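The values are calculated or read from the model by the stated rules, or taken from the named source; none is laboratory data. Note that the structure is predicted; figures quoted are calculated from it, not measured. All Cβ positions, even for glycine, are placed from backbone atoms using ideal geometry, and neighbour counts span all protein chains on display. These accessible areas exclude ligands, DNA and RNA; they are computed on the full protein's heavy atoms, side chains included. Shrake-Rupley method; radii C 1.70, N 1.55, O 1.52, S 1.80 Å.
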Amino acid sequence: LCGRNFEYISEDPCHTGNMAAALINGVQSKGIGTSLKHYAMNNQEERRMTIDAVVDERTQREIYLAGFETAVKKAQPWTVMCSYNKVDGTYLSDNRRILTDILKEEWGHTGLVVTDWGACNDRVEGIKAGLELEMPSSQGKNDEKIVNAINEGSLSIGVLDKAVAGILELILKSQDNRHPEFKYNRDEHHKLARKIAGQSAILLKNDNILPLDKNKKITVIGEFAKKPRYQGAGSSRINPLRTEGICEALDEAGLEYEYSAGYNVKSDKAYTDLILEAKKAAGNNEKVVIVAGLTDNYESEGFDRAHLSIPGSHIELIEEVALVNPNIIVILMNGAPVEMPWLDDAKGVLECYLGGQAGGGAVVDLLYGDVNPSGKIAETFPVKLEDTPAYNYFPGFKKSVEYRESIYVGYRYYDKARKDVLFPFGYGLSYTSFEYSDINIVCKGGYDYKVSILVKNEGAVAGAEVVQLYVKSPGSTIYKAVKELKDFGKVHLEPGESKKVYFKLNDRSFAFYNINIPGWHIEKGNYMVQIGASSRDIRLEYILSVESNTKAVVPDYNESAPGYYSLIDGIFKIEEEQFKAVYGKELPERENKSSAPITVNSMLGETTHKFAGRMMLGVMKRQIDKMIGEADYDAESGRLMIEAMLNEMPIRAIGILGGDRMPKYFTEGFVSILNGKFLKGIGMMLKK
């Protein structure tokens, strides 16, 4: 449900880390820096600027830090951006364990740590923790604090010098790679975008309806066909060179179709006239393509989704059109999984996610078989929201969110609970079929293994297959997932062609994070290497006998937290005491005490019981219309995003984000006023 799910890579850390590393290496090979974000455990928009993510150490290491670890070690991004939230009760910008002990010293990151915008909590403590660059500029306010700390002796000049040296190094490296006269071919870039979108789409269902015949006219329904939703809402938005909708691409290809809007993207309401018009158009041709999905109002930075449904107008459209024509193909444009109560009404479903500027052309390529679908979903699609392990615990309390599902994220949970899913992790169909055979594993020394299999294209058209390697661990006194993805590879094959696909295994492929070491622990036993077309389509298996790498004691939660060992197919629930046993310490405060004073980290929306708080929020909200008017995205989604951000913005961020328009000591003065010290507060605001 996270509002920014469209920005995330995968539910699996192996997939996340390797895809991120490939992207970083590709971009940085051109002398352009990247920023890996949001580090770490930033998995919700609601109260994201102040929430404390309560995650047990093993889960941090195996799920939420592992993807960052792989990306850092394999690609060395120029910067890593720390998130707003707290982890273990400490804001990420002040969190030495996360920023220095793990990122810099353990993983060897050589670049900078930069804050998310306005995420700096305490500038001096941040420098000590490993935070070099604060964004945006505090207009000298925080620089003064640094100087004072140096003069008082509470901050070492050596620590400051190290941070400054890192910033200077980034500046010089950036300048060295500038090419002011650089030219590029926009048309070629658009073609590349179309190719990428075509290879990224996932064919979820195909009851012998695809590919389409170019000689037959079709009906195309859905406003997204002319106005595609091709990127997410919020600060991730970029300006495309051009946009290409499905109808435009059909026109360019000279393909015959009849168009009907079907719904209005500005409203969830199902309009009778639009549906009647769509049904009439659907009856005029043999096959119907309905373009549906999520609008900007459903998923955006600043707020989370309230459910897993697509707009009611899209659902009613599909159901009504199915009454007059059973030959329906649904094209989905969305940034995250959705429920599909209408799935039986569609003979084909093509998940295109947010396909970028050339996504419309890619859809046409896929529909008519010019491109064979080869994408696999990087996240499990549950049947319904209640099936998800975080259902009872997201988005948490006022002050904290408890990750009670522990390591059971995505397929790790659904497999352990033996729960039915709509589409499993790693799933995706093709216009051809592939045979897997001849698994072979060779030990290269220690825990390093080279795995190979033979993949054959058994169909009549060329295609590509994403082959996945999972490892199933032996039984243990600690709870584990049924299996975990450890490597994957993509192979392109002509009809009848066979090729070998190679994978690598290493010590981490067999290890879990043992808090008793603390470190990575390999248990002695027989590990099953599984090769599959998805997490639930295992084709080949091979058993490896592996020795242990340590004599450390394995944690045993069979008595203190038995719920983690035998999950059942129902609504996931773990009692507080069991979660505490795994978390290993007392749980932090969940709610604000009514008697607690307002602080610089109080959210603006929490101050509206005070006149000054209501006034400030009102002033800032009145600026929204002006900001929306200057923006290039939908007004309503922009308003929802900004209002949510204003309500949940900590007071300390207002003074920073306001720049030189705010009094130098605005934050301190405003907090004093809110706590009833009006004269003191005014005096501080007037202070030079």
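At a glance:
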| item | result |
| --- | --- |
| Chain lengthening between Met615 and Lys227 when straightened (0.36 nm per residue, less Cα-Cα) | 135.8 nm |
| 3J(HN,Hα) from dihedral phi, the stretch 647-664, Karplus parametrisation 6.51/-1.76/1.60, rounded to Hz, x for glycine, proline | 4, 9, 6, x, 4, 4, 6, 5, x, 6, 5, x, x, 6, 7, 9, x, 4 |
| Rounded if a/c under 1.5, otherwise prolate or oblate - the stretch 378-484, Cα gyration tensor axes | oblate |
| Full-extension gain in nm, Ser594 to Phe678, via 0.36 nm per residue minus C-alpha separation | 28.2 nm |
| At R0 = 30 Å, FRET efficiency that the Cβ-Cβ distance of Val554 and Lys162 yields, to 0.05 | 0.15 |
| Kirkwood Rh, angstrom, the stretch 184-281 [1 / mean 1/r, Cα pairs] | 16.0 |
| Solvent accessible area, Å² - Cys2, 1.4 Å probe, full protein context | 10 |
| For the stretch 51-126, radius of gyration divided by Kirkwood radius, i.e. Rg to Rh on alpha-carbons | 0.94 |
| Cα-based reach from Lys216 at 20 Å (exclusive), listing lysines while leaving out same-chain residues under 8 positions away | Lys279, Lys280, Lys287, Lys347 |
| Label-point gap, in nm, between Asp88 and Val27 - each point 7 angstrom along Cα→Cβ | 2.8 |
| Convex hull of the stretch 435-541 built on C-alpha atoms - directionally averaged projected area, nm² | 7.1 |
| Electrostatic dipole magnitude of the stretch 89-200 [Cβ: Lys, Arg +1; Asp, Glu -1; Cα centre; debye, to 20] | 580 |
| Sum of side-chain charges, Leu367 neighbourhood, beta-carbon under 10 Å (Lys, Arg +1; Asp, Glu -1) | 0 |
| Dipole of the stretch 543-688 [Lys/Arg +1, Asp/Glu -1 at C-beta], most positive-end residue of Ile642, Pro555, Thr608 | Thr608 |
| HN-Hα J in Hz across the stretch 229-239 - Karplus 6.51, -1.76, 1.60, θ = phi - 60°, x for Gly and Pro | 8, 10, 8, x, 9, x, 6, 7, 5, 10, 8 |
| Positive minus negative residues near Trp520 (Lys, Arg vs Asp, Glu; Cβ under 9 Å) | +1 |
| For the stretch 5-138, convex hull of alpha carbons as volume per residue, Å³ | 104 |
| Calculated over the stretch 90-195: convex hull of Cα atoms, volume per residue (Å³) | 164 |
| Straight-distance crosslink candidates among lysines, where the alpha carbon sits under 17 Å from Lys680 and sequence neighbours closer than 8 are dropped | Lys610, Lys664, Lys688 |
| Probe 1.4 Å, protein heavy atoms only - accessible area per residue of the stretch 411-549 in square angstrom | 42 |
| Anisotropy class of the stretch 9-48 from Cα gyration tensor, a/c 1.5 cut | oblate |
| Calculated [θ] (222 nm, deg cm²/dmol) that DSSP helices of n ≥ 4 give over the chain, each run adding -39,500 (n - 2.57) | -8500 deg cm²/dmol |
| Dipole magnitude of the stretch 182-260, debye to nearest 20 (Cβ charges: Lys/Arg +1, Asp/Glu -1, about Cα centre) | 360 |
| Residues with amide H under 5 Å from that of Ile218, placed H, sequence gap 5 or more | Tyr257, Glu258 |
| Heavy atoms of Arg614: accessible area, 1.4 Å probe, square angstrom to 10 | 120 |
| Net dipole in debye of the chain [+1 Lys, Arg Cβ; -1 Asp, Glu Cβ; about Cα centre; nearest 20] | 1520 |
| Candidate lysines - alpha carbon under 23 Å from Lys504, same-chain residues fewer than 8 apart omitted | Lys73, Lys74, Lys376, Lys444, Lys450, Lys456, Lys472, Lys480, Lys483, Lys486, Lys490, Lys524 |
| Prolate/oblate/rounded call for the chain, Cα gyration tensor, a/c under 1.5 rounded | oblate |
| Length added when fully stretched, Gln623-Lys444, from 0.36 nm per residue minus Cα-Cα | 58.2 nm |
| Rounded percent of accessible protein surface that carbon and sulfur make up, the chain, 1.4 Å probe | 51 |
| Rounded accessible area per residue of the stretch 43-152, 1.4 Å, Å² | 31 |
| Modelled FRET efficiency - R0 22 Å, Lys500 with Ala460, Cβ distances, 0.05 increments | 0.45 |
| Residue among Tyr91, Pro180, Asn206 farthest towards the positive dipole end of the stretch 79-207, charges placed on Cβ | Asn206 |
| Among Tyr427, Gly410, Ala460 - extreme Cα towards positive end, dipole of the stretch 382-476, charges at beta-carbon | Gly410 |
| Cα→Cβ-extended label distance, 7 Å offset, between Asn148 and Ile515, nm | 3.8 |
| Lys621 accessible area, assembled protein chains, probe 1.4 Å, Å² | 70 |
| Values of log10 I(q)/I(0), in the order q = 0.11, 0.15, 0.22, 0.24 Å⁻¹, for the stretch 231-338 under a Debye, Cα-only, solvent-free model | -0.40, -0.73, -1.27, -1.36 |
